[in-house]
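Notes to accompany the following structure.
The values are calculated or read from the model by the stated rules, or taken from the named source; none is laboratory data. None of the values given here were measured: they were computed from a predicted structure. Here the Cβ is made from the backbone with ideal geometry for all residues, glycine too, and neighbour counts use every protein chain on show. Surface accessibility is based on the protein's heavy atoms, side chains included, excluding ligands, DNA and RNA. Shrake-Rupley method; radii C 1.70, N 1.55, O 1.52, S 1.80 Å.
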Amino acid sequence: MLYRPLGATGLRVSEIGYGCASWWGQKAFPEDEALRLVHYAIDQGVTLFDTSPAYSGGNAEPRLGRALKGLDTSKLIVATKAGTRFVGGRVRRDMSLAAIEQDILKSLVTLGLETLPVLQLHGPDPSELTPEFEDGLLALKRRGLFQALGANSFDPVVLDLIIASPAFDLVMMDVNVLRPERKTQLKAAKAAGKGVLAGMPLAMGHTNLQILKIRGVRDLWYAARALKNHRHDISAGARFRFLNQVEGISGAQAALSYVLSHSEISCAVVGATRQTHLAEDLAASGLTLPPDLARRIIETQMRR
Ligand SMILES: NC(=O)c1ccc[n+]([C@@H]2O[C@H](COP(=O)([O-])OP(=O)(O)OC[C@H]3O[C@@H](n4cnc5c(N)ncnc54)[C@H](OP(=O)(O)O)[C@@H]3O)[C@@H](O)[C@H]2O)c1
């Protein structure tokens with residue numbers, strides 16, 4: 001596993017991280033399998049784990065806490081979020097400083113940590129990013145509640161504001177072959193010395209036509225999520241199925257090599273709940289994207 005700097009934070013992270021969200025956090029996914037995947041990832045050199053109190057019906061963050069219990073977490077960069085939480089059967093949003101402080105204190109207990117290595121605002125609104133709000137966040141940081149501050153958003157306006165603000169150390173955005181427009185934010189993030197966590201680096205499996213491979217309840221869940229939230233990505237992903245035809249590397253490795261070919265990215269945070277998938281993904285660290293494939297990806301991106 002190779003490691004990259006997380007912007008100017010002084011922290012280094014494995015270039016492939018593990019996303020403790022989606023199916024991994026669902027109660028229907030057996031706890032022992034979920035914990036085994038985290039332990040396997042750590043054994044393979046993964047140091048960055050991303051989660052949120054709002055993920056997977058509120059089950060993902062406590063499950064990560066159980067996976068880390070009793071382990072030496074001093075070298076791990078656990079990244080969680082604040083501003084959203086799962087209460088009363090649904091995700092509720094409160095981006096006030098008081099709510100963020102409560103979220104942090106709860107996450108510290110849930111994850112069994114004394115400080116959060118990375119705290120990310122979960123989808124802030126541009127109107128919320130005021131100087132007073134950012135000063136309040138920095139005051140929480142000075143108390144040692146977290147080490148690095150970031151925000152997770154898919155909105156370019158929000159991403160631009162986060163990148164431009166000196167209060168933030170990093171940003172999490174969706175980066176994959178279906179999102180060439182993110183290059184603008186990637187360049188700006190690098191110029192501003194911000195770390196970048198790339199979420200959904202495998203385009204949620206759509207370049208692999210995952211939606212056509214229903215093998216059980218897990219795949220039905222993925223298919224339902226895609227149809228509900230990311231319908232356009234299903235057809236867009238099909239145009240990149242050539243990623244699965246490269247000699248010597250798998251489709252997932254080709255997709256990850258594309259993401260990691262961007263030097264602005266600190267870590268590609270993958271979601272994988274089958275150990276064979278995770279092993280394949282982690283083996284993508286250090287691979288070079290073949291030049292012919294890079295050209296074909298760009299040509300396909302330009303044809304949309
Ligand atoms: N999705 C979002 O809206 C979102 C938003 C913010 C942040 N994030 C962060 O990004 C992380 C990753 O996002 P994600 O899980 O939605 O998307 P992703 O990593 O792009 O894709 C995950 C999908 O790819 C499949 N997969 C993984 N490795 C594979 C392989 N080697 N071969 C074939 N299929 C493979 C997984 O299947 P199996 O489970 O069957 O292995 C899963 O269906 C999240 O955990 C979270 O930390 C995501």
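What number of residues in the stretch 96-129 are under 15 Å from Gly83 (Cα atoms), in contact with a Pro (Cβ under 9 Å, 6 or more places away or on another chain), open to solvent by 10 Å² or more (accessible area, probe 1.4 Å) and not charged (D, E, K, R)? Number satisfying all stated conditions: 1. For the stretch 201-221, residues that are among the aliphatic types (A, V, I, L, M) and either part of a helix (DSSP H, G or I) or out of contact with any helix residue (DSSP H, G or I) (no Cβ under 9 Å at 6 or more places or on another chain) (or both) total 6.
Across the stretch 230-262, which residue is farthest from the ligand (Cβ to nearest atom) among those that are without any contact (Cβ under 8 Å) to a residue 24 or more places away in the chain and touching a helix residue (DSSP H, G or I) at 6+ places or on another chain (Cβ under 9 Å)? Residue satisfying both the conditions and the ranking: Ser235. Against the conditions (1) open to solvent by 10 Å² or more (accessible area, probe 1.4 Å); (2) touching a strand residue (DSSP E or B) at 6+ places or on another chain (Cβ under 7 Å), Ser261 satisfies every one except (2).
Checking the condition part of a helix (DSSP H, G or I) and either surrounded by 16 or more Cβ atoms within 10 Å (Cβ to Cβ) or among the β-branched types (Val, Ile, Thr) (or both), which residue from Ala272, Ala294, Ala226, Ala279 passes? If you could, list the steps in order and put the result at the bottom.
Values: Ala272 fails: part of a helix (DSSP H, G or I); Ala294 fails: either surrounded by 16 or more Cβ atoms within 10 Å (Cβ to Cβ) or among the β-branched types (Val, Ile, Thr) (or both); Ala279 fails: either surrounded by 16 or more Cβ atoms within 10 Å (Cβ to Cβ) or among the β-branched types (Val, Ile, Thr) (or both).
Among Ala272, Ala294, Ala226, Ala279, only Ala226 is part of a helix (DSSP H, G or I) and either surrounded by 16 or more Cβ atoms within 10 Å (Cβ to Cβ) or among the β-branched types (Val, Ile, Thr) (or both).
Within the stretch 2-19, can you find the residues that are surrounded by fewer than 21 Cβ atoms within 10 Å (Cβ to Cβ) and at positive phi? Answer for the stretch 2-19, where residues must be surrounded by fewer than 21 Cβ atoms within 10 Å (Cβ to Cβ) and at positive phi: just Gly10.
For residues in the stretch 263-304 being acidic (Asp, Glu) and within 14 Å of the ligand (Cβ to nearest atom), which is farthest from Gly199 (Cα to Cα)? So that I can check it myself, show each step before the final result.
At the first step, the residues of the stretch 263-304 found to be acidic (Asp, Glu) are 264, 280-281, 292, 299.
Checking which are within 14 Å of the ligand (Cβ to nearest atom) leaves us with 280-281.
On the way: Glu280: 18, Asp281: 14 Å.
Going through the qualifying residues, I end up with Glu280.
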